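Presented below is the structure to which this report refers.
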């Protein structure tokens, strides 16, 4: 029985041809099971990802045991999202985390969980992943809460909506002129 909090070993997004869109491998140093010797090199990771894609490229399943790892995956338009865990992990818990992350990303990317949207909003995707999984530990499975913590601040949108016209500039000029005259009058 695994009583460790470290449940996931990797999060991977592959496109429809099996190419890596995003991959994050976890190797926690405080893991009581010892450090993972797999996935140390990029070559090992790519070989694992290619084989995993070969097994899961057809839609229909959501959990497989591949190469001694539990792989929970979800197909979306032109990408496949994966959580990779040890073979003794609870697949329902991993599946819940993946569904939560997928739902959060769908909310953040405005219902288009596809390769282009992921690449254009990579910062939001990584923040969302970090809010869900921290160093291999599942932190949160509430998709609405994760999405609300990750959304862009409203300050950016307020600046975009600011309408600067001639009257605004004239008003600013008059205010500055008045303040300068007051300062000069004090001297």
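The values are calculated or read from the model by the stated rules, or taken from the named source; none is laboratory data. Because the structure is predicted, anything quoted here is derived from the model rather than measured. Ideal geometry is used to build each Cβ from the backbone, glycine not excepted, and the neighbour counts take in all protein chains shown.
With the structure loaded, tell me whether residue 76 is crowded, with 16+ Cβ neighbours inside 10 Å, under 17 Å from the mean Cα position of the chain (by Cα) and at pLDDT below 90 or whether it fails that test. Considered against the rule, which asks whether it is crowded, with 16+ Cβ neighbours inside 10 Å, under 17 Å from the mean Cα position of the chain (by Cα) and at pLDDT below 90, residue 76 comes out as yes.
Yes/no matrix, rows are residues, columns are (1) within 16 Å of residue 79 (Cβ to Cβ); (2) surrounded by 17 or more Cβ atoms within 10 Å (Cβ to Cβ); (3) modelled with pLDDT of 90 or more:
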{"site": "112", "(1), (2), (3)": "yes, no, no"}
{"site": "118", "(1), (2), (3)": "yes, yes, yes"}
{"site": "130", "(1), (2), (3)": "no, no, yes"}
{"site": "133", "(1), (2), (3)": "no, yes, yes"}
{"site": "148", "(1), (2), (3)": "no, no, no"}
{"site": "153", "(1), (2), (3)": "no, no, no"}
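When the residues of the stretch 19-38 are filtered to those that are within 20 Å of residue 126 (Cα to Cα) and surrounded by 15 or more Cβ atoms within 10 Å (Cβ to Cβ), which remaining residue is modelled with the lowest pLDDT? If we take residues in the stretch 19-38 being within 20 Å of residue 126 (Cα to Cα) and surrounded by 15 or more Cβ atoms within 10 Å (Cβ to Cβ), then 28 is modelled with the lowest pLDDT.
When the strands (runs of 3 or more DSSP E) confined to the stretch 37-126 are screened for residues that are in contact (Cβ under 8 Å) with a residue 24 or more places away in the chain, those reaching at least 2 such residues are found at 69-76, 79-85. Does residue 129 satisfy the condition of being without any contact (Cβ under 8 Å) to a residue 60 or more places away in the chain, under 15 Å from the mean Cα position of the chain (by Cα), part of a helix (DSSP H, G or I) and under 26 Å from residue 50 (Cβ atoms)? No, not satisfied.
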